[in-house]
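The values are calculated or read from the model by the stated rules, or taken from the named source; none is laboratory data. Note that the structure is predicted; figures quoted are calculated from it, not measured. Here the Cβ is made from the backbone with ideal geometry for all residues, glycine too, and neighbour counts use every protein chain on show. The accessibility values were calculated without ligands, DNA or RNA, using every heavy atom of the protein model including side chains. Shrake-Rupley method; radii C 1.70, N 1.55, O 1.52, S 1.80 Å.
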Amino acid sequence: MSSSRTKSEEIHARNRNVIPGGVVSVNRAVKPEISFLRGRGSRVWDADGNEYIDYHAGFAPYILGHNDPDVTDAVRRVLDEEATLMGAGTNLLEGRVAELIVEHVPSVDRVMLTNTGSEATYHALRIARAHTGRAGVVVMQGGYNGWHNDVALNVMTPLEAVGERVERGEYPKVPITAGIPEGALDEVHVVNYNDLESVNEVVRTRSVAAIILEPILQNIGIVKPVEGYLEGLRRLCDEHGVVLVFDEVKTGFRHAMGGYQSLCGVLPDLSVFGKALANGYPVGAIGGAQNLMDYFVHEDAAKRVLIAGTYNAHPIPCAAAIATMEKLAADGGATFERLYAKGDRMSKGLGSILDAAGLTAMVARQGSAFCVYFADHAPRDWHDVAEHHDFELDTRYRAALIDRGVYHFPLATKQGSISLAHTESDVDETLSITEDVVSTLKA
Ligand SMILES: Cc1ncc(COP(=O)(O)O)c(C=O)c1O
């Protein structure tokens, strides 16, 4: 590939005149500065014509690949034949999205739609508070559930800020944004993932409405629940009347049609979806049992939870979501087998290359999502990642892959996502490039 990035750099420079930092979502402002112009299937092209095999997948939504033709056709039908936004009453599209989620996700029998995952986690916490009459929310160190005040803290927190691993109790709160009013975090409790003792301590001693978590921590790579952990959370929630919220924004529709809950067998009270749900179009969903979801239409106005949004359930993302879910579900699970097989080929191949190179590394994977940790074991929490993963090596590894035409987000531990559009030969080409890259890294 040509390694010129002149046009990308020009676009970034031009945008800096009108956009703070030049990029509208600050977490996308990374080096190298690349302006992507086109995507098809497993590939993307930048402004300078460089081609990449893409594993960033727009922070994971692309489960079918870029510009999937069936999704594009569905969107085109809306533009050609249907109303794009009426803002009154309901329609068949939003109903069909909800029907498909209800059909496939075991804990869900009612659904509401938003534009983003953050809005959906926000509303899930509101329902939990309305239902329990309590304010407290438990979140995980190392989890990401969006940008709003209750959850915008303690993700990839520097250990100097949180200190030693907390085995029983809460972490110091370290917001990931300025502008959270003083006191707004009083009701937020941060605990360690995979540690039931701490959750037990908090739900016994505080007034807790909800525990919200990614069932697999997928914003610090792939950190899986240890045996019994999710079951333990379910039990504690039942004992203390706490609402268990699974944030399946990353796990839902990527690992199974029924979300990770359908694989682990632990059912939350509320679930939140986004990303793979619509293969790159903006939609979020909150789902759960009717008694909780009906807080949105509670007959007592004082208990009713407001959900409103000019663009909620916009026909274009709804059509994309329907096309995505129908395509994923079309052959009764074989689609996910195909995805898992690609993930397996990738992780086994990477494992052998890293082993042969004599690097201390392991590949963590769930289905089509994977992460190379330059560490000697699979991490079980954020401290494990922060203490054992070689961030400097990971950063060099990603930069070298990008230079060779394999795009992983250039931030250490960010998940790689394989789509149905990735072919075996894409995976093999990636492995061959990785083999070269790894040899230069060692040198
Ligand atoms: C697990 C999880 N929850 C919530 C969100 C927020 O979703 P959105 O960026 O659509 O607001 C994200 C985004 O990365 C996420 O990974």
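Points to keep in mind about this one:
- Residue ID - least open to solvent (accessible area, probe 1.4 Å), chosen from residues in the range 1-28 that are assigned to a loop (DSSP other than H, G, I, E, B) and in contact with a helix residue (DSSP H, G or I) (Cβ under 9 Å, 6 or more places away or on another chain): Val23
- In the range 192-202, the residues that are open to solvent by less than 10 Å² (accessible area, probe 1.4 Å) and out of contact with any Asp or Glu (no Cβ under 6 Å at 6 or more places or on another chain): Ser198, Val199, Val202
- When Ala357 is tested against (1) open to solvent by 30 Å² or more (accessible area, probe 1.4 Å); (2) among the small types (Gly, Ala, Ser); (3) touching a helix residue (DSSP H, G or I) at 6+ places or on another chain (Cβ under 7 Å), exactly one condition is not met: (1).
- Filtered residues of the range 158-191 (kept if surrounded by 22 or more Cβ atoms within 10 Å (Cβ to Cβ) and either over 21 Å from Leu233 (Cα atoms) or hydroxyl-bearing (Ser, Thr, Tyr) (or both)): Tyr171
- Pairs, first in the same structural domain as Val266 (by TED's automatic domain parsing) and more than 24 Å from Ala152 (Cα to Cα) in the range 100-123, second in a strand (DSSP E or B) and near the ligand (Cβ under 9 Å from one of its atoms), C-beta under 7 Å, six or more apart: none
- Single residue of the range 29-47 satisfying the filter (under 13 Å from Ile402 (Cβ atoms) and assigned to a loop (DSSP other than H, G, I, E, B)) that is most open to solvent (accessible area, probe 1.4 Å): Lys31
- For Ile63, the conditions (1) assigned to a loop (DSSP other than H, G, I, E, B); (2) in contact with a His (Cβ under 6 Å, 6 or more places away or on another chain) all hold with the exception of (2).
- Matching residues, the range 98-131, being among the charged types (D, E, K, R), touching a strand residue (DSSP E or B) at 6+ places or on another chain (Cβ under 9 Å) and either open to solvent by less than 50 Å² (accessible area, probe 1.4 Å) or assigned to a helix (DSSP H, G or I) (or both): Glu99, Glu119, Arg129
- Selection within the range 48-96: residues that are of a type in the set (Asp, Glu) and closer than 30 Å to Ser368 by Cα. The member of this set that is surrounded by the fewest Cβ atoms within 10 Å (Cβ to Cβ) is Asp73.
- Of the criteria (1) open to solvent by 10 Å² or more (accessible area, probe 1.4 Å); (2) more than 16 Å from the ligand (Cβ to nearest atom), which one Tyr281 fails: (2)
- Whenever a residue of the range 218-239 is farther than 21 Å from Phe374 by Cα, its partners that are within 16 Å of the ligand (Cβ to nearest atom) and in a loop (DSSP other than H, G, I, E, B), lying with C-beta atoms within less than 7 angstrom and at least six residues away or across chains, give the pairs Leu230/Pro215.
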